[in-house]
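Right, one structure below, let's go through it.
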Amino acid sequence: MANLLFYTVTILIWGSTWLGIKFQLGNVEPALSVAYRFALAALILFVWCLFRRLPMRFSKGDHLYIAMQGVFLFAFNYLLFYLAELQITSGLAAVVFSTIVVMNLLNGRLFLGTTIELKVLFGGALGMFGLVLLFWPEMAAVNFSGPVIVGMLLSFAATYLASLGNIISARNQHRKLPVVQTNAYGMAYGSLCMVLVVMVSGAPITIDLTAPYLLSLAYLALFGSVIAFGCYLSLVGRIGPGRAAYATLLFPVVALALSTIWEDYHWSLSGVCGILLILCGNYLALAKKKMYPLRESPQLTKASADV
C-alpha cells in the first residue's frame, strides 16, 4: 500500500510541475532558478529534521555519496533539461527522458549488481513506444536541425545524470542512510553547485519578484522537490531503480490531462493508443509481489570502504 501511495503521489506531482517550470524560464538564469528551488527545498527539509530531532551526523564518506547524489540529481540534470527545452519541445524532452527506465536497469546491474528482469525491460520498452505515440503529432512536426540535435543530446545527458543520481540514492539507502536527511543535504549540495556555476559563468545574480515566479518556485520546492523526491527515492530503495523509474512514463499523461483542462488540448487516436500502451507496460513492469532484490556489487563495496 505504501508503494502505491508513493507511486501515485510522485506521478501526480511531477506530472503537474510543468506548469511551474513554465514560469521559471525567462528573466532568471536557469542555473540560478535551479539553485533557488533546491535551496528552498533544503531549508524546508532541514527545519523538518530539526523539528523532528532526526539524526543529522554522517561520516565524510557518506557525505561524499550524498553530495554526488545532489550534484547528479538536484543540480546538473535539471540545468541540462532547462537548457535543452530552450531548443526542443517538452514532448520530445519527455520521450528522451523516458529512456531513464532502461538506463536505471543497466546502471543498477553495473553498479549495484541487481538483476535485469526481462518483464520490466519489456514493459519499459512498451511504455516508451506508447510515449512516442502520445507525442507523435508534436514529434512529426519537429525539424531535426542543429539546435534540435543539441537539445536532444542535452536531454540524454541530463537523463543519464538523473539515472546515476537514482543509483547513488539506492546505494545510500542500502547502507541505511535515511531518505529525508540525505535529501536535505543533497539538495543543499546541489544548490551550492548551481550557485558556483552561476558565479563561474559571470551571470548576474537576480530574482524575479513577480507572483507567478515566486508561487511557482514555492510549488516546485515544496511539492516538486521535498514531497515528490521523498516519495520517488523511497520507491527507488523499496522496489529498485528500474521499476521506480517507470513512473516517469506516466508524468506526461498527467501533464496532458491537465493541459486538456487548462489549455484546451485535443486528444488524437495515436495519443489514446499511446496511453493504453503505457498502462500495459506499467502493468508488466510493476505487477510483482516479491520485493525487488538489491545487493551491492563488490566494486561498489570496495569503493565505499576506501572512502
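None of the figures in this text is laboratory data; all of them are computed from the coordinates on show. Keep in mind that this is a model prediction, so the values were computed, not measured. Please note: Cβ atoms are built from the backbone with ideal geometry, for glycine as well, and neighbour counts cover all protein chains shown.
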Cβ-Cβ distance below 8 Å, separation of 6 or more or different chains: which pairs start in the range 205-223 with a residue that is in contact (Cβ under 8 Å) with a residue 12 or more places away in the chain and of a type in the set (Phe, Trp, Tyr) and end on one that is buried (at least 20 other Cβ atoms within 10 Å of the Cβ) and assigned to a helix (DSSP H, G or I)? 219/17; 219/20; 223/13; 223/17
Answer residue from the range 54-105, given it is in a helix (DSSP H, G or I) and more than 17 Å from the chain's Cα centre (by Cα) and is surrounded by the fewest Cβ atoms within 10 Å (Cβ to Cβ) among those: 60
Residue check, residue 2 among the aliphatic types (A, V, I, L, M), touching a Lys or Arg at 6+ places or on another chain (Cβ under 9 Å) and at negative phi: yes
Residues within the range 230-273 that are crowded, with 24+ Cβ neighbours inside 10 Å and over 20 Å from the mean Cα position of the chain (by Cα), tallied: 0
